[in-house]
Amino acid sequence: MNPYTIMTDTELYKSLGTLTKNKEAWEENIPYVESLLTSESVKIKSKALWMLGEMGLAFPSSIKSSVATIASFRDSTESLLRERAINALGRIGRGCFNSVEPYWNDLFRFAHDEDASVRLAFIWASENIATNTPDPYKDHMPLFAELLHDSDDRVRMEAPEIFRVLGKRKPDFVKSYIERLRNIAETDSNRVVKIHCQGAIRAAK
């Protein structure tokens with residue numbers, strides 16, 4: 001009998017926290033963590049999705065068989081699970097773009113998700129993937145430019161960061177947005193938004 005099956009959710013969550021710190025055991029525990037995605041607990045599933053993303057970044061070849069299951073949570077009615085699934089795909093895609101490529105185009109719809117945390121996760125996942133695979137983002141810059149003006153401060157604070165990541169690698173992608181970034185850096189009411197816009201401008205020069 002698997003000892004985890006008789007744990008309470010609190011005990012199980014704590015055990016996952018312990019596993020998080022034991023990176024040497026990650027690769028062999030990928031199937032186990034994936035099995036937790038059948039849990040009835042949103043908290044357990046969200047933790048499992050987060051862990052699978054980190055495991056996938058560390059062991060991209062070993063996570064491949066789990067990617068479809070992870071990706072299925074993009075359509076969860078629970079915004080936290082959508083957020084975590086997108087985050088996980090971003091981390092896995094940073095390690096191996098080919099593993100998430102079948103789901104990559106679909107991620108862009110989450111730029112307009114009703115939940116700001118999901119929109120934020122979309123930007124963050126894009127930053128992760130673009131770190132090692134920037135080229136596919138060339139034709140999607142207008143969408144990221146929209147997010148610079150999002151209604152949520154957290155999203156607006158993160159949006160310039162994709163311009164910074166891409167500006168370092170593909171400055172031509174960002175060049176036409178420099179004036180917009182400069183204007184936001186000079187006029188926005190949020191200090192972090194200003195700082196991040198300034199960082200994006202410096203990266204693209």
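The values are calculated or read from the model by the stated rules, or taken from the named source; none is laboratory data. What you are looking at is a predicted structure, and each value in this text was computed from that prediction instead of being measured. Cβ: placed from backbone, ideal geometry, glycine included. Neighbour counts: every protein chain shown. Surface accessibility is based on the protein's heavy atoms, side chains included, excluding ligands, DNA and RNA. Shrake-Rupley method; radii C 1.70, N 1.55, O 1.52, S 1.80 Å.
Structural remarks
- When Gly95 is tested against (1) of a type outside the set (Ser, Thr, Tyr); (2) farther than 23 Å from Lys45 by Cα; (3) buried (at least 19 other Cβ atoms within 10 Å of the Cβ); (4) over 12 Å from the mean Cα position of the chain (by Cα), exactly one condition is not met: (2).
- When restricted to residues that are among the hydroxyl-bearing types (Ser, Thr, Tyr) and part of a loop (DSSP other than H, G, I, E, B), segment 155-205 contains 1.
- Some residue of segment 117-130 being among the hydroxyl-bearing types (Ser, Thr, Tyr), more than 17 Å from the chain's Cα centre (by Cα) and open to solvent by 10 Å² or more (accessible area, probe 1.4 Å): no
- Condition met for Ser62 (of a type in the set (S, T, N, Q), assigned to a helix (DSSP H, G or I), open to solvent by 10 Å² or more (accessible area, probe 1.4 Å) and more than 24 Å from Thr8 (Cβ to Cβ)): yes
- A single member of Glu83, Glu101, Glu114 is acidic (Asp, Glu), open to solvent by 50 Å² or more (accessible area, probe 1.4 Å), on the phi < 0 side of the Ramachandran plot and assigned to a helix (DSSP H, G or I), and it is Glu101.
- Count of segment 155-197 residues which are charged (D, E, K, R) and open to solvent by less than 50 Å² (accessible area, probe 1.4 Å): 4
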